[in-house]
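Structure, as structure tokens:
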Amino acid sequence: MSDTIFGKNGWTPDLMKSQKGKIFLITGATSGTGFEATKILASKGAKVVMLNRNPKKSEDAIAAIKKDLGNNVDVSFIQIDLAEQASVKKAAAEVLEKVTRIDALMCNGAIAQVPTQKLTVDGWESQMGVNYYGHFTLQALLYPLIEKSKGRIVTVGSLGYDMGIKTIKFGDMNWDRDYTGNNAYSQSKLAQIMSVYELQNRLEKAGKVDVMAYACHPGSSRTSLIKTSGSLMMRIIFGLMKLSPLTQSAEKGAYPELMCATEEDLDQKGFYGPTGKNNWTGPVGAHKLEPHAKDKVVAEKLWELSEKETGIKWNL
Ligand SMILES: NC(=O)c1ccc[n+]([C@@H]2O[C@H](COP(=O)([O-])OP(=O)(O)OC[C@H]3O[C@@H](n4cnc5c(N)ncnc54)[C@H](OP(=O)(O)O)[C@@H]3O)[C@@H](O)[C@H]2O)c1
């Protein structure tokens, strides 16, 4: 077992204080790590607003949490489809109307390993559109309230950031050439992680010291991710992996994002996830991030491209 900054067992929710009075927003909380994170935050007294695409699954998730924790928990949802910029804008407007503060916006929802190239209605490769551009716009539109609340942005990345081409394919963002589900997923997760550190740079330049941005990942967790969007072959491979000790529970997969959303004095320059073998499982803490994910020239270019593509300018 590796020794993290939180000791041998790493960070666990036992270290989380009462979250009474705090409000957390989390995307993709109908299943997997998002659902588990919601439940743990609610158990600590927080108000949690899930940002989900499926109303029926959202109702079911709320019912399941209430069944476990009692009817007094404060969990609700606002509908969002991260694949459609119009829906993201509508959801952000609804958040700003209904929610009084944001202690952390947890960007957790995603699709993965989409077997064939698909484009979103806005014309982006689907994983880039949902995982990256959807959250880019959501973050920018909610930023003013996050700033007012001295809150945080937490991005759930993936070790996949290091399993693709290790830079942004600016000349072919939609993978019209050489599409593979893995390369395009990896690209979207690399973009998500790069934008966290670029946001930190921009916040610093603007003299904004009260908003924190964190990057983390859940290791290898038993969730619905591949079942929802992956190919039959991928589903079989991940189905077998789930039976092995190479994976951990969805609950444990939620710990890194919960730590980043709640832990005080956490260094935002770090990258957080399981610290065991291959960073797939094990005690949660900080671990190595490969330098290509912090390439400032690429990150700056990506940010500028993202503002142009989405038409959304951050008010920093
Ligand atoms: N599981 C792992 O081993 C692993 C490894 C590395 C990284 N991750 C990351 O962990 C995060 C959580 O994933 P998970 O493993 O918990 O998978 P999951 O169980 O499939 O959860 C993904 C969530 O994202 C939502 N979602 C998908 N497309 C959406 C859209 N267009 N708009 C709004 N919400 C959408 C899903 O909603 P629906 O219920 O409507 O489908 C679901 O709630 C993701 O960022 C993923 O990339 C997971």
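Throughout, read-outs are computed from the coordinates displayed, never taken from laboratory work. Since this is a predicted model, take the numbers as computed values, not measurements. Here the Cβ is made from the backbone with ideal geometry for all residues, glycine too, and neighbour counts use every protein chain on show.
Over 28 Å between C-alpha atoms is what I'm after, so list which of Lys90/Lys269; Lys90/Lys308; Lys205/Lys301 land there. Table pairs above 28 Å Cα-Cα are Lys90/Lys269. Each residue of segment 255-264 is assigned a 3J(HN,Hα), and the resulting list reads 4, x, 6, 5, 4, 5, 7, 10, 6, 7 Hz, derived from the Karplus form 6.51 cos²θ - 1.76 cosθ + 1.60 (θ = phi - 60°), x at Gly and Pro.
Are there any GluC sites (Glu not before Pro) in segment 178-264 that are in a DSSP loop and have at most 11 other Cβ atoms within 10 Å? List them by number.
Sites meeting the loop and neighbour criteria: Glu264.
Select from segment 229-316 those trypsin sites (Lys or Arg not before Pro) which occupy a DSSP coil region and have at most 10 other Cβ atoms within 10 Å, ordered by residue number. Walk me through the numbers before you get to the answer.
Numbers: sites: Arg235, Lys242, Lys252, Lys269, Lys277, Lys288, Lys294, Lys296, Lys301, Lys308, Lys313; in loops: Lys269, Lys288, Lys313.
Those satisfying the criteria are Lys288, Lys313.
Between the residues Val73, Gly129, Tyr255, the greatest Cα displacement towards the positive end of the dipole of the chain, with unit charges on the Cβ of Lys, Arg, Asp and Glu, is found for Val73. Taking 7 Å steps out from each Cα toward its Cβ at Ser43 and Lys227 produces label points 2.1 nm apart. The average projected area of the chain, computed from the convex hull of its Cα atoms over all directions, is 14.9 nm². For the chain, averaging the sequence separation of C-alpha pairs within contact (under 8 Å, six or more residues apart) and dividing by the residue count gives a relative contact order of 21 percent.
Among Glu97, Glu147, Glu300, which one moves the most in a GNM of the chain with springs linking Cα atoms closer than 10 Å? Among Glu97, Glu147, Glu300, the largest GNM mean-square fluctuation belongs to Glu97. With Cα atoms defining each centre, segment 182-203 and segment 215-274 are spaced 17 Å apart in the structure.
Divide by every residue of the chain the summed helix terms, -39500 (n - 2.57) for each DSSP H run of at least 4, and state the resulting mean residue ellipticity at 222 nm, rounded to the nearest 500 deg cm²/dmol. One gets -12500 deg cm²/dmol as the mean residue ellipticity at 222 nm.
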